[in-house]
Amino acid sequence: MNERAITALIAAQRVSEGAGVIVHRSLGTPAMRHLDPFLMLDHFSSDNPDEYISGFPDHPHRGFITLTYMLNGHMEHQDSMGNRGDLRAGGVQWMKAASGVIHSEMPRQTEGLMRGFQLWINLPAAEKMGPPAYQEFGADEVPEIRAGNAAVRLLAGTFEGRHGPIDDPHTDLHYLDVTLAGGACFRHPLPEDAHAFLYVFEGDVAVGAREAGRHHLVVFGPGDSLSVFAGTAGARFILVAGRPLNEPIVQYGPFVMNTRDEIEQAIADYRDGRLVGPAPRR
Ligand code: FE2
């Protein structure tokens, strides 16, 4: 076994997104622009409505996938494909923006805790201008697996012979929500060529001689296995891995393409109302 070591430890930054939602951003900042194929990781976590009530009104995306995992709360999604979806606690939403989607993500609560993650996953060049797609899975479609002192909610990939509902063949995505009892160790094999990180959102963890607390991103180096120890009070983190695409990345806000020309085209298409196809009948 070739154990993965920490190569970077990144404290999330508080950022205002959408119409004024406070998020903790770890990937997609000057500290780490990308971790191919991952472009951005935002964690929203607040019980103060002022920090989420304004939501994410209509905005565009092109060239990648957004994966939203709700831990607490309720958001409503509407998009230019004609989808209307409810994101509720424990559920996950996969949106392949590809050639273009305009969507909104608005809170359906006026008080209480809203907590979750949005991960941006890049698409290979051949898929960037393909048709957009949308999938949504409720909490009861996400396997919950107990293994020793760990409880795992499996969004993507395999664990203990089970499969998560999200499938991303371009990156062989793995996405686990892991809860560990105090002092427990979590060992997990991952494909050698996958880029991997974890994000701590409760308690703290140790990997090798390094410790990481809440709102910290741990980036792993190469290897075929990793081990994470929970602090004495336990820990909860997401563990995400995917094969890099190894293609040029040119990003302008919500557009992620391979060349500057393609970005100019995306900006022009959005400006001229050509980013998305004709609106379907609702
Ligand atoms: Fe969005």
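The values are calculated or read from the model by the stated rules, or taken from the named source; none is laboratory data. Quick caveat: nothing in here was measured; it's all calculated off a predicted structure. Please note: Cβ atoms are built from the backbone with ideal geometry, for glycine as well, and neighbour counts cover all protein chains shown.
Would a scan of segment 172-185 turn up a residue that is surrounded by fewer than 19 Cβ atoms within 10 Å (Cβ to Cβ) and assigned to a strand (DSSP E or B)?
yes
Any chance you could count how many residues in segment 148-167 are surrounded by 13 or more Cβ atoms within 10 Å (Cβ to Cβ), assigned to a loop (DSSP other than H, G, I, E, B) and out of contact with any Gly (no Cβ under 7 Å at 6 or more places or on another chain)?
Residues that pass the stated criteria total 2.
Among the residues of segment 261-271, are any surrounded by 11 or more Cβ atoms within 10 Å (Cβ to Cβ) and assigned to a loop (DSSP other than H, G, I, E, B)? Full working, then the answer.
Keep residues of segment 261-271 that are surrounded by 11 or more Cβ atoms within 10 Å (Cβ to Cβ), which gives 262-270.
With the extra rule that they be assigned to a loop (DSSP other than H, G, I, E, B), the set shrinks to none.
There is no residue in segment 261-271 that is surrounded by 11 or more Cβ atoms within 10 Å (Cβ to Cβ) and assigned to a loop (DSSP other than H, G, I, E, B).
Given segment 73-147, what strands (runs of 3 or more DSSP E) lie entirely inside it while holding 1 or more residues that are over 26 Å from A12 (Cα atoms), aromatic (F, W, Y) and within 13 Å of the ligand (Cβ to nearest atom)?
It comes to 133-137.
Let's see how each residue does on (1) of a type outside the set (S, T, Y); (2) under 15 Å from I6 (Cα atoms):
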position: T179; (1), (2): no, no
position: P189; (1), (2): yes, no
position: L198; (1), (2): yes, yes
position: F201; (1), (2): yes, no
position: R214; (1), (2): yes, no
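Any residue in segment 45-65 that's touching a residue at least 60 places away in the same chain (Cβ under 8 Å) and at negative phi: show its pairings with residues that are of a type in the set (V, I, T) and more than 14 Å from the ligand (Cβ to nearest atom) at Cβ separation under 8 Å, as long as the two are six or more apart or on different chains.
Close Cβ pairs (under 8 Å, with a partner that is of a type in the set (V, I, T) and more than 14 Å from the ligand (Cβ to nearest atom)) amount to S46/I22; P49/T110; Y52/I22.
Taking the residues in segment 236-282 that are of a type in the set (G, A, S) and under 19 Å from the mean Cα position of the chain (by Cα) as candidates, determine which candidate is farthest from D172 (Cα to Cα).
It comes out as G253.
Could you check segment 80-124 and list, in sequence order, the residues that are under 25 Å from R153 (Cβ atoms) and of a type in the set (D, E)?
The answer is D86, E105.
Whether any residue in segment 59-68 is more than 14 Å from the ligand (Cβ to nearest atom), hydrophobic (A, V, I, L, M, F, W, C) and closer than 27 Å to T171 by Cβ is what I want to check.
Our first condition is that a residue be more than 14 Å from the ligand (Cβ to nearest atom); within segment 59-68, this holds for none.
No, segment 59-68 has no match at all.
Could you list, in sequence order, the residues of segment 119-136 that are crowded, with 21+ Cβ neighbours inside 10 Å and under 18 Å from Y252 (Cα atoms)?
Result: L119, W120, I121, N122, L123, K128.
Suppose we filter H43, H34 for residues that are more than 12 Å from the ligand (Cβ to nearest atom), more than 30 Å from R260 (Cβ to Cβ) and out of contact with any Cys (no Cβ under 9 Å at 6 or more places or on another chain); which single one remains?
On the way: H34 fails: more than 30 Å from R260 (Cβ to Cβ).
None of the others qualify; the one that does is H43.
With the structure loaded, tell me whether L39 is under 19 Å from Y175 (Cα atoms), at pLDDT 95 or above and either of a type in the set (F, W, Y) or touching a Lys or Arg at 6+ places or on another chain (Cβ under 9 Å) (or both) or whether it fails that test.
yes
Out of all the residues in segment 2-9, is one or more within 15 Å of the ligand (Cβ to nearest atom) and out of contact with any Lys or Arg (no Cβ under 7 Å at 6 or more places or on another chain)?
Taking every residue of segment 2-9 in turn, none turns out to be within 15 Å of the ligand (Cβ to nearest atom) and out of contact with any Lys or Arg (no Cβ under 7 Å at 6 or more places or on another chain).
Restricted to segment 10-24, and to residues that are surrounded by 20 or more Cβ atoms within 10 Å (Cβ to Cβ) and within 16 Å of the ligand (Cβ to nearest atom), which residue is farthest from the chain's Cα centre (by Cα)?
Per the criteria, the residue is V21.
Give me the pairs: first residue in segment 192-216 and without any contact (Cβ under 8 Å) to a residue 40 or more places away in the chain, second residue β-branched (V, I, T) and crowded, with 19+ Cβ neighbours inside 10 Å, beta-carbon distance under 6 Å, and six or more apart or on different chains, which are they?
Taking only residues 6 or more apart or on different chains, the pairs are V205/V228; R214/V200.
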